[in-house]
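Everything below concerns the one structure shown next.
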């Protein structure tokens, strides 16, 4: 069974959230009491989100830094007590197996990724440890992750903790809480699982509780793409705009797929990019194809992430052929499927 479900502290956190109105499906909090009111509140005020669908891999040992430096797209040497980073783990063909958030924690590193990917990524990384002094463990059950976002979140973090990360990917630690800045008014809080409920209650006095889908909408607006099982091995990092998010270092040296990722960058071979879209009908799913209404044959894109939008319908991050995105007339699922409306990539770009 999933250790994050069976571990007593995390199970207690889930149970207490149920008492506070959380509606769960498996390990995902769908919403708190009133889904429609929760969605409507997203653009207006801070919300907090339990992130039970996220997993953590801990990498420790004397050779941990060198090991990760040879596996991930970003420069692990830049991580210190004040920084986190987005990064990716690729196949030798340069296709992403996972997009990750990484930071130093004690004498090791934590890699955050969807919990559904944890076992496979840990097993794959373990193959390359060989004689290196590195230990890889699933640390999901020891920590709880809480997302916070929305207008006023930065001020609220400062009010409650005395300081806030000054920029994206900056990290501060106050008492037992690690706070990572993901973007404008967007944060993740990391705390020992046994202390999660007390932190939640403290935050909930000032911010509205909301579910995982609402957090996914905030990430879509950031825009921070998340690779899942449905989209593994489909994209080089640049297709998902990860180099624009600082998740790829082009001078750090070798890692799986490095030559292909570098060639895509310097030879201008990226013909697909990440765009944000809106669809009124039908709930999209990661991995779902996108077609042009003018050319019903081959798919021109694929959904990466999708979530219900506060104003109705769904917002989507999708990797689409650049020429087709500019031409418009795209449809979800099939050439005569629901029409896609292109949105500004970042929510702030629309204001």
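The values are calculated or read from the model by the stated rules, or taken from the named source; none is laboratory data. Bear in mind that the values here come from a model prediction, so they are computed numbers and not experimental data. Here Cβ is always computed from backbone atoms with ideal geometry, including for glycine, and neighbour counts include all displayed protein chains.
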Check your understanding: Does the range 68-82 hold any residues that are under 25 Å from residue 172 (Cα atoms) and surrounded by 16 or more Cβ atoms within 10 Å (Cβ to Cβ), and which are they?
Key -> 68, 69, 72, 73, 74, 75, 76, 79
Revision key, fill the gap. Of the conditions (1) surrounded by 19 or more Cβ atoms within 10 Å (Cβ to Cβ); (2) closer than 23 Å to residue 171 by Cβ, the single one that residue 96 does not satisfy is (2)
Revision key, fill the gap. Quick count over the range 223-242, residues being assigned to a loop (DSSP other than H, G, I, E, B) and touching a helix residue (DSSP H, G or I) at 6+ places or on another chain (Cβ under 6 Å), is 2
Check your understanding: List pairs: first in the range 298-318 and without any contact (Cβ under 8 Å) to a residue 12 or more places away in the chain, second buried (at least 24 other Cβ atoms within 10 Å of the Cβ) and in a strand (DSSP E or B), Cβ under 8 Å, 6+ apart or cross-chain?
Key -> 299/290
Exercise for review: Hey, could you check the range 232-264 for residues that are at pLDDT 95 or above, on the phi > 0 side of the Ramachandran plot and surrounded by fewer than 22 Cβ atoms within 10 Å (Cβ to Cβ) and say which is farthest from the chain's Cα centre (by Cα)?
Suggested key: 233
